[in-house]
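Chemist: Can you read through this structure? Questions will come right after.
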Ligand code: FES
Ligand code: FES
């Protein structure tokens with residue numbers, strides 16, 4: 001049922017919108033054209049560049065918008081959808097990949113930054129049809145439930161072992177703290193890393 005307040009809001013909204021459109025119609029063309037000139041000068045135009053990138057030891061040549069993130073390049077342009085988009089703002093870790101062997105958030109990496117570097121995604125971990133030991137350890141130790149965060153967790157977990165941050169449970173948890181899991185599979189993830197750690 002509509003309340004008095006929502007009716008008032010709707011009327012107000014209608015009146016305000018109508019006024020705004022009426023005002024817009026009376027803005028002189030010279031002012032509008034000045035606005036468009038300023039916009040063209042200060043806002044970067046969409047522009048495609050030829051790009052050559054190496055992903056999972058395979059070379060790709062593409063024409064991409066210079067503003068594309070590595071995450072969108074992987075998922076939308078190349079079709080490697082194993083890397084997940086969670087927050088798209090560098091806060092959840094779902095998009096973690098390796099660049100030259102180091103973990104990076106692909107949602108915060110522009111494609112312009114990656115030519116000449118080797119990108120590894122979750123699809124590149126298995127070798128000759130055999131899962132990476134960390135992937136096997138995640139399965140054996142219940143390191144996931146829904147699985148959405150899992151590719152990012154595994155990429156971070158591999159980096160955790162490679163970079164030698166497995167000295168204690170606390171050290172592992174600290175290193176993995178940028179990878180969030182809404183299913184709270186943290187204990188299984190930690191166990192999996194401890195299983196693979198030397
Ligand atoms: S999607 Fe990149 S950190 Fe969340
Ligand atoms: S397994 Fe569901 S979000 Fe981590």
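The values are calculated or read from the model by the stated rules, or taken from the named source; none is laboratory data. Since this is a predicted model, take the numbers as computed values, not measurements. Cβ sites come from the backbone with ideal geometry, for glycine too, and all protein chains shown count toward neighbours.
Chemist: Going by what's in this entry, would residue 170 be described as over 22 Å from residue 69 (Cβ atoms), more than 16 Å from ligand 2 (Cβ to nearest atom) and either crowded, with 16+ Cβ neighbours inside 10 Å or outside the structural domain of residue 71 (by TED's automatic domain parsing) (or both)?
Modeler: yes
Chemist: Take the residues in the range 142-160 that are surrounded by fewer than 19 Cβ atoms within 10 Å (Cβ to Cβ) and away from ligand 1 (no atom under 16 Å from the Cβ), then tell me which one is nearest to residue 198 (Cα to Cα).
Modeler: 142
Chemist: Another one. Give me the residue from the range 170-185 that is assigned to a helix (DSSP H, G or I) and over 19 Å from residue 136 (Cα atoms) and, out of that set, nearest to ligand 1 (Cβ to nearest atom).
Modeler: 178
Chemist: Output the number of residues of the range 106-135 satisfying the condition of being surrounded by 15 or more Cβ atoms within 10 Å (Cβ to Cβ) and closer than 20 Å to residue 191 by Cα.
Modeler: Of the residues in the range 106-135, 5 are surrounded by 15 or more Cβ atoms within 10 Å (Cβ to Cβ) and closer than 20 Å to residue 191 by Cα.
Chemist: Hey, can you tell me all the residues within the range 46-71 that are in contact (Cβ under 8 Å) with a residue 12 or more places away in the chain and either loosely packed, with under 12 Cβ neighbours inside 10 Å or assigned to a helix (DSSP H, G or I) (or both)?
Modeler: 46, 47, 48, 50, 52, 57, 63, 70, 71
Chemist: Could you run through the range 147-167 and say how many residues are more than 17 Å from the chain's Cα centre (by Cα), within 15 Å of ligand 2 (Cβ to nearest atom) and touching a residue at least 40 places away in the same chain (Cβ under 8 Å)?
Modeler: Of the residues in that region, 0 qualify.
Chemist: Show the residue pairs meeting these rules: Cβ distance below 7 Å; 6+ apart or different chains; first residue within the range 89-109 and assigned to a strand (DSSP E or B); second residue modelled with pLDDT under 95 and crowded, with 20+ Cβ neighbours inside 10 Å.
Modeler: Close Cβ pairs satisfying both conditions: 99/114.
Chemist: If only one of 167, 152, 188 is out of contact with any strand residue (DSSP E or B) (no Cβ under 9 Å at 6 or more places or on another chain) and part of a helix (DSSP H, G or I), which one is it?
Modeler: The match here is 188.
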